[in-house]
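I have placed the structure first, in the form of structure tokens, so that the comments after it can refer back to it.
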Amino acid sequence: MQGKTVQEEPKEKTAEKKEAFAKYTVKDSVFTTLFRDKKYLIQLYRALHPEDTETTKDALKDITIRNVLTNGIFNDLGFRVGDKIMFLVEQQSAWTMNIIIRALMYLVQTYHDYFGEQGADLYGSKKVHVPEAEVYMIYTGERVSRPETISFSEEFFGGKKCAIEVKVKVIYGGKGNDIISQYVAAVFHIPLNCLKHA
């Protein structure tokens with residue numbers, strides 16, 4: 001019995017996939033590079049919490065998971081405001097509910113790192129300090145339905161109460177001319193020469 005031959009995709013389709021992947025890579029690179037600079041990171045924080053006008057960029061600490069030497073997890077952006085709030089921010093151009101699962105994994109790793117940094121005794125009787133967590137997805141793709149929040153229990157357990165809950169706030173653009181609006185507008189106008197060098 002002769003084996004089936006695998007049909008190759010048309011060159012046009014292959015080129016489309018390569019261009020889409022290149023554009024995704026450029027968007028990801030722009031996002032991570034932009035917000036490594038505290039000048040822009042403080043603008044992102046103020047876009048998320050406009051009521052806080054007192055926090056300065058010196059209070060922000062980069063807690064992004066960068067697992068460059070292993071095949072472990074890594075995220076787009078994580079930062080902490082003092083010891084109060086942890087922010088995990090992902091940029092997505094393709095819609096997927098699996099972002100909630102990834103967010104859960106990022107949260108566990110980030111808390112693990114925080115407790116290690118603080119020397120917290122998780123087996124002791126004294127209650128440890130836990131920074132509040134906020135998780136965001138900046139979505140730059142096209143989608144008709146645009147929920148403000150996506151929930152682990154809703155999407156994976158039909159809304160049934162379970163031992164774990166993670167909620168991801170979805171941002172489709174900023175307000176006015178804030179840093180989120182500028183980023184979203186920029187990624188929709190990435191020049192083709194950027195794609196060629198991605």
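Just so you know, all these numbers are worked out from the coordinates, no wet-lab data involved. Model, not experiment: these values are computed from the prediction. Note that each Cβ is placed from the backbone with ideal geometry, even for glycine, and that neighbours are counted across all protein chains shown.
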Computed over segment 82-141: relative contact order in percent, which uses C-alpha pairs under 8 Å that are six or more apart: 70
FRET efficiency for T32 and E154, using Cβ-Cβ distance with R0 set to 25 Å, rounded to 0.05: 0.30
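List the pairs from K127/K169; K57/K175; K57/K126; K57/K127; K61/K161; K126/K167 whose alpha-carbon separation is above 24 Å, in the order I gave them.
Where the Cα-Cα span goes over 24 Å, the pairs concerned are K127/K169; K57/K126; K57/K127; K61/K161; K126/K167.
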Efficiency of FRET from Cβ geometry, E142 and C162, R₀ 22 Å, rounded to 0.05: 0.10
Gain on full stretching of the segment that runs from Y172 to I73 - 0.36 nm per residue minus C-alpha separation: 33.1 nm
